[in-house]
1. Checking the a/c ratio against 1.5 first, then a/b against b/c, what shape does the Cα gyration tensor give for segment 248-361?
2. Return the whole-Å distance between the Cα centroid of segment 365-400 and the Cα centroid of segment 325-341.
3. Starting from the Cα of K296, draw a straight line to each of the aspartates and glutamates and keep only those under 20 Å, dropping any in the same chain fewer than 8 residues away.
4. With Rg and the Kirkwood Rh both taken from Cα atoms, where does Rg over Rh land for the chain?
5. Quick query: amide H of S464 versus all other amide H atoms, modeled in the peptide plane; which residues come in under 5 Å with a sequence gap of 5 or more or a different chain?
6. State the dimensionless ratio Rg/Rh of segment 1-93 (Rg: radius of gyration of Cα atoms; Rh: Kirkwood radius).
7. Under 5 Å between amide H atoms, partner at least 5 residues away or on a different chain: which partners does E68 have, H built in plane at 1.01 Å?
8. Order of 370-380, 238-248 by packing, highest average Cβ count within 10 Å first?
Amino acid sequence: MRTTKYSLFTLKHIKSESDSISSQLMKKSGMIRKLSSGIYTWLPIGLRVLHKVINIIKKEMNDINGIEILMPNIHPFKLWEKSKRIDLYGNELIKINDRKNRKFILAPTHEEAITYLLKNEFTSYKQLPIFLYQINNKYRDELRPCFGVIRAKEFIMKDGYSFHIDKKSMKKTYNLIYNKYIDIMNILSIKFKIIKAKNNHMGGNISHEFQTFCNNRYYNKNKIDFCNEKLNIFIKKNKISYKNIVQMIVFKNKKKFLGVLIRGDHKINKNKLLKIKSIDKNIKVAKLKETLKIQKYNLKKINEKILLIADKKMKNMSNFIFFSNIHKNFIINMNWNKKFPLPKLKNISNIKKNSKKEKNIEVAHIFQIEKKYSKCMNFNIKNNLGQKKLIHMGCYGIGVSRLVAAFIEQNHDEKGIIWKNNIAPFIISIIPININKSYKVRKTSEYIYNEVKKNNIDVIFYDSKERIGVMFNNIRLIGVPHLLVIREKNVKNKEIEYQNRLNTVNKIVKIEKINFFLKKILNI
């Protein structure tokens, strides 16, 4: 690929430095662009990486006889009513109506749809077991989208579903996929751990979660994050500890407002919050336009107008800084019962942001669902004895777009991303120095480019007019693992320079031996 025919979309600076490392680097390297909160466009560089990750997952699934399908993302409302997950998912479901006012949802997952499909297709135990999978977009109305593609409203998942005549068969396939997921993480060179997890509204009793280690931000679906750029900049600029911040997050609670106060270095635990009787399970963070009236109130008046709940850990705080998501300004030297009455105190927080326990990203989750969906949809098949049996089911998900971000969290430096060969957008970059001034440099660069392409290696040829520093910065930012630098002084000696993205060791390579050299370093 030539840069004169290809847009890199790299950025020198981004608007916010307060986001996760992966989100920052994906924006700067030209992998993604934000369209709206939690909604992203995948640009050419990002899409190349995404496709390589998808191909690795497909190969591993096909190796265990997984059959790929593609299901619709618009599901009839009634289908989810049958499984009784309409209420369990609550406001996380994105609901739509067609022109005839029929109700649908944008699917966050496909258990109902796949069970409905096979119920109408399969009639004999001889057709089982079967393992079907897809790689598709999913939709979830995240309470607070954050961390780029790690926590988004629209995201890409591989979800698989296995169907069995008995529990023994289901467990066999479950263990097979469990081990394949380990293989996938190892192929992608991602550090991870596996933990036993709760099945929650998925059904069944056994599940395992695959978590990747992250030294920066983290994601946990039971926590409510209040990600605010203005707050983070204020903290950095004034070198203030999060421990001295009290932030108020205003929610829509039924038709009323609810103000929840939490210390700056803590998170709201959604499960704890929803146990409070006066709070509806479908609360949402209030939008600014919804809070126009209360934005005008001072703190004392707000205490009179809306329900306020504060975390118990803040009871003895003094001389703190107050910040809210509706006022967007900072009030310093605050004390309870002076400018602001102490609200009702409840235990609603999680452990601190910087706890090592939380610095993980969930990238995959597998479940032994058993009979939950076959029971609610009356999906049964006669066994070899002619007896009708409800189908056993397993469910296996991988967050594909989240895997990309998780890899970046673990593999980067101050220059940019450090890709492995198997998922790099380009494996080799050709950087000609003064290509427009030197005929020898251009001729040699064209020759090397054609030789690399003959070996079916993904290559980016920097043939556009750019300053030397810009070329190197862009190539290192997007994480190309191997660099071939063409300089006139080397070309005169029939040589080129090789650089590795991971280290600073440079090698001089004879042009006539370039194919042998590349095959050796790339192990092809």
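Please treat every number below as a calculation from the coordinates, not as lab data. In this text the structure is predicted, and so the values were computed from the model without any measurement. Cβ coordinates were reconstructed from backbone atoms using ideal geometry, including for glycine residues, and neighbour counts include every protein chain displayed.
1. Oblate.
2. 54 Å
3. Within the straight-line cut-off, K296 pairs with E304.
4. Rounded to two decimals, Rg over Rh is 1.03.
5. When sequence neighbours closer than 5 places are left aside, the close amide H contacts are T3, T4.
6. Rg divided by Rh gives 1.10.
7. Correct list: Y133.
8. Top of the packing list down: 370-380, 238-248.
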